[in-house]
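What follows is a short report on a single structure.
The values are calculated or read from the model by the stated rules, or taken from the named source; none is laboratory data. In this text the structure is predicted, and so the values were computed from the model without any measurement. Every residue, glycine among them, receives a Cβ derived from its backbone with ideal geometry; neighbour counts consider all protein chains shown.
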Amino acid sequence: MLKKIVKTKNFWPVVVITILALLASRRLFVPGYFIMHDDLQMMRTLEMEKCFKDFQIPCRWVPDMGYGFGFPLFNFYPPLPYLFAMVFRLLAFPFTATVKLTFASAFLLSGVAMYFFARKFFLPAGRQAANIGGVVAGIFYIWAPYHAVDIYVRGAMNEAWAFVFFPLILLFSYQLITSHKNLILLSLSWVGLLLAHNLMVLIFTPVFALWCLLWIVKSKKILSIKYLVLSGILTFGLAAFFTLPVLVESKLVYVNLLTQGYYDFAGHFATLRQLFISRFWGDGPSTFGIGDGMAFPIGHIHWIAVAVSGLVFVYFWWKRKKLEVADFVFVFFMAVGLFSAFMAHGRSTPIWLAIPVLKYVQFPWRFLTLASLGFSFAAGWLICKLEKFKKQPLWLVIIMVIAVVVWNWEFFAPVREGPVTDTEKFAGEAWRIQQAAGIYDYLPNTAKIAPDSKRTVLAEIIEGKGIIYFENHPERTNWLTFDADIKEGGAVVRINVLAFPDWKVLIDGNQVPTYIDEVEEWGRLYVDIPEGKHFVYARLYNTPIRNIANGISLVTWLGFLSFPLVKKFRRQ
């Protein structure tokens with residue numbers, strides 16, 4: 001069995017990519033933790049695990065964030081990396097290691113995905129050339145400096161995972177258009193991107209549309225559009241549980257704050273020096289103007305490879321006046337890479353102003369994800385092209401790989417790290433900071449302002465007299481209970497969770513109205529409880545759109561998973 005695996009055509013290329021991915025993620029395998037911009041990765045992983053334990057599936061409400069008042073994080077924030085992280089939690093890894101292993105997995109899977117994508121187009125040059133070119137493309141993709149920015153500086157887990165799905169979507173859409181294969185794999189790849197990063201979907205979709213148009217026109221297979229539509233329908237069904245609530249219920253939170261103030265795109269363009277020349281590296285913030293504390297490099301080795309590959313392309317075009325399939329793809333990705341670099345620069349401001357939806361991208365330098373994609377493919381194309389024309393000595397491949405690794409080596413490590421444990425991260429001031437962080441990201445608009453202090457009690461009497469008992473009453477991710485012994489005249493009780501559709505309160509099994517007091521600034525739930533002893537149960541129920549979305553996804557996933565069994569049964 002092992003011998004058969006070793007002899008497979010992709011075994012050794014994947015081994016090489018794995019080794020280079022492990023080198024890029026080497027600092028993720030040491031004990032401790034590191035400082036990152038988005039220091040909520042452990043918190044989100046913890047909240048996802050709590051949802052699983054409570055069977056809140058899909059997870060929508062997280063109880064510990066928002067200073068402990070909770071908010072609908074995973075109703076809007078893509079859950080895929082944290083779902084993947086549950087694999088490591090099931091294997092009993094601590095949260096510190098789980099987060100780092102999830103980052104490392106993104107490194108590895110992105111490189112493997114790029115290898116298979118690039119190899120597909122390099123195959124006409126021969127298997128050896130295709131394998132070598134694919135490996136180089138995969139390594140350049142892993143070692144793109146912006147990849148290091150995403151993981152070691154920003155701690156942008158979701159954006160790092162988007163790197164995985166770009167090549168897969170392009171590969172499977174090409175195969176679907178040209179040979180009507182891999183419809184399901186294309187759908188699953190799109191589901192992966194949708195559940196990984198909303199904003200990457202926004203900037204990648206035009207590239208995908210142009211890519212599909214290119215191959216529909218070139219292959220003259222207009223009917224392949226129907227397969228793309230079918231794939232889109234399947235994608236929608238599989239991801240509906242997340243995408244539908246995002247589209248319909250975004251108006252329920254302060255989503256407009258995500259494009260204002262610090263998040264105004266106009267203040268975050270990169271300069272030409274930052275993109276092409278500077279070797280500066282730091283873990284400070286992106287700031288208005290040129291005093292950024294972080295870097296936005298395309299990478300010296302990357303753009304040198306692009307420049308050389310451009311000259312090689314012109315040379316062979318001048319000699320042969322003929323483009324092969326890989327050459328078409330090279331030109332396409334050169335255009336994607338250069339345009340993406342342009343979109344990260346201030347000269348692209350008219351485009352940003354002309355397309356209002358782009359403001360949700362927040363940081364123009366996010367387009368460096370696509371620049372990394374395009375220029376990494378170009379590096380692989382260069383090797384493949386020279387191999388085909390017998391002008392590529394092995395030493396050139398070795399030099400390119402060593403150069404991209406050595407030149408970018410110092411970027412692929414945390415700027416600051418230390419011996420932090422789960423216990424330390426989930427206690428004291430560190431816990432308070434995580435509870436408060438990102439509080440305005442998905443704050444329900446029932447709140448006038450965000451809470452500014454930690455929740456101290458689950459519920460409290462605001463008017464009237466009585467006692468509230470919490471002993472032996474569990475509080476879960478999306479529901480809570482308590483006993484209330486209310487004196488004569490009744491009482492107004494404030495339940496310290498942020499009001500959001502569809503929180504409902506039941507007293508002794510009967511639903512009662514909830515409201516937000518006119519003097520309430522944080523948007524917490526209020527309920528009138530009559531005199532006597534009562535059992536109070538509050539729960540976040542699904543809204544109609546969430547029920548519809550869950551139903552669509554449930555039916556689609558059941559059909560998707562049962563289809564192979566039904567097909568096999570019919571054959572028998």
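Please determine whether any residue of the stretch 183-198 is of a type outside the set (K, R), over 27 Å from F74 (Cβ atoms) and within 23 Å of the chain's Cα centre (by Cα).
Yes, because at least one residue in the stretch 183-198 is of a type outside the set (K, R), over 27 Å from F74 (Cβ atoms) and within 23 Å of the chain's Cα centre (by Cα).
I'd like to verify a number: residues in the stretch 479-492 that are part of a loop (DSSP other than H, G, I, E, B) and surrounded by 15 or more Cβ atoms within 10 Å (Cβ to Cβ), how many?
1
Applying the selection to the stretch 109-130, what residues are of a type outside the set (A, V, I, L, M, F, W, C), closer than 16 Å to S376 by Cβ and either crowded, with 24+ Cβ neighbours inside 10 Å or in contact with a Lys or Arg (Cβ under 8 Å, 6 or more places away or on another chain) (or both)?
Result: S110, G111, Y115, R119.
From K319, K359, grab the single residue that is touching a Ser or Thr at 6+ places or on another chain (Cβ under 7 Å) and of a type in the set (K, R).
Values: K319 fails: touching a Ser or Thr at 6+ places or on another chain (Cβ under 7 Å).
Exactly one residue qualifies, and that residue is K359.
Take residues that are touching a strand residue (DSSP E or B) at 6+ places or on another chain (Cβ under 9 Å) and of a type outside the set (A, V, I, L, M, F, W, C) and tell me which of the helices (runs of 4 or more DSSP H) falling wholly in the stretch 27-127 contain 1 or more.
In the stretch 27-127, the matching helices (runs of 4 or more DSSP H) lie at 41-54, 73-76, 95-122.
List pairs: first residue in the stretch 270-287 and closer than 22 Å to W409 by Cβ, second residue among the aromatic types (F, W, Y) and in a helix (DSSP H, G or I) anywhere in the structure, Cβ distance under 7 angstrom, at least six positions apart or on different chains.
F276/W303; W281/F411
Exactly one of these conditions fails for K465: (1) touching a Ser or Thr at 6+ places or on another chain (Cβ under 9 Å); (2) more than 29 Å from V253 (Cβ to Cβ). Give me its number.
Of everything listed in (1) touching a Ser or Thr at 6+ places or on another chain (Cβ under 9 Å); (2) more than 29 Å from V253 (Cβ to Cβ), K465 misses just condition (1).
Going by the conditions given, is L186 assigned to a helix (DSSP H, G or I) and in contact (Cβ under 8 Å) with a residue 12 or more places away in the chain? If you could, list the steps in order and put the result at the bottom.
Working: assigned to a helix (DSSP H, G or I): yes; in contact (Cβ under 8 Å) with a residue 12 or more places away in the chain: yes.
Criteria met by L186.
Condition first: surrounded by fewer than 13 Cβ atoms within 10 Å (Cβ to Cβ), in the same structural domain as P414 (by TED's automatic domain parsing), under 26 Å from D441 (Cα atoms) and free of Cβ contacts under 8 Å to residues at least 12 places away in the same chain. Can you find one or more residues in the stretch 311-326 that meet it?
No; the residues of the stretch 311-326 include none that is surrounded by fewer than 13 Cβ atoms within 10 Å (Cβ to Cβ), in the same structural domain as P414 (by TED's automatic domain parsing), under 26 Å from D441 (Cα atoms) and free of Cβ contacts under 8 Å to residues at least 12 places away in the same chain.
Please specify each residue of the stretch 520-551 satisfying the condition of being assigned to a strand (DSSP E or B), at negative phi and surrounded by fewer than 15 Cβ atoms within 10 Å (Cβ to Cβ).
Once the filter is applied, which keeps residues that are assigned to a strand (DSSP E or B), at negative phi and surrounded by fewer than 15 Cβ atoms within 10 Å (Cβ to Cβ), the stretch 520-551 yields K533, F535.
State which residue is nearest to the chain's Cα centre (by Cα) when the search covers only the stretch 448-478 and only residues that are assigned to a strand (DSSP E or B) and crowded, with 19+ Cβ neighbours inside 10 Å.
A459
Quick check on the stretch 85-108: of everything there that is β-branched (V, I, T) and more than 15 Å from the chain's Cα centre (by Cα), which residue is farthest from E424 (Cα to Cα)?
Among those that are β-branched (V, I, T) and more than 15 Å from the chain's Cα centre (by Cα), it is V87.
Return yes or no: is A85 crowded, with 19+ Cβ neighbours inside 10 Å and without any contact (Cβ under 8 Å) to a residue 12 or more places away in the chain? It would help to see each step written out before you state the result.
Values: crowded, with 19+ Cβ neighbours inside 10 Å: yes; without any contact (Cβ under 8 Å) to a residue 12 or more places away in the chain: no.
The answer is no for A85.
Look through A239, A196, A209 and report the one residue that is of a type in the set (A, V, I, L, M), in contact with a Leu (Cβ under 6 Å, 6 or more places away or on another chain) and in a helix (DSSP H, G or I).
A239
I'd like to check something: does the stretch 282-295 contain any residue that is closer than 21 Å to F339 by Cα and in a helix (DSSP H, G or I)?
No, that holds for no residue.
Starting from residues that are β-branched (V, I, T) and at pLDDT below 95, keep the ones in the stretch 275-307 and report whichever is surrounded by the most Cβ atoms within 10 Å (Cβ to Cβ).
The selected residue is T287.
Kindly check whether there is at least one residue in the stretch 65-81 that is polar (S, T, N, Q) and more than 15 Å from F241 (Cβ to Cβ).
no
Please specify each residue of the stretch 510-519 satisfying the condition of being outside any strand (DSSP E or B) and either within 8 Å of Y537 (Cα to Cα) or free of Cβ contacts under 8 Å to residues at least 12 places away in the same chain (or both). First the steps, then the outcome.
Step one: of the stretch 510-519, the residues outside any strand (DSSP E or B) are 513-514, 516-519.
Once the filter is applied, which keeps residues that are outside any strand (DSSP E or B) and either within 8 Å of Y537 (Cα to Cα) or free of Cβ contacts under 8 Å to residues at least 12 places away in the same chain (or both), the stretch 510-519 yields E518, V519.
Suppose we filter the stretch 202-230 for residues that are closer than 24 Å to I545 by Cβ and either surrounded by 18 or more Cβ atoms within 10 Å (Cβ to Cβ) or not β-branched (V, I, T) (or both); how many remain?
1
In the stretch 400-420, how many are farther than 16 Å from I151 by Cα, surrounded by fewer than 17 Cβ atoms within 10 Å (Cβ to Cβ) and out of contact with any Gly (no Cβ under 8 Å at 6 or more places or on another chain)?
Final tally of qualifying residues: 3.
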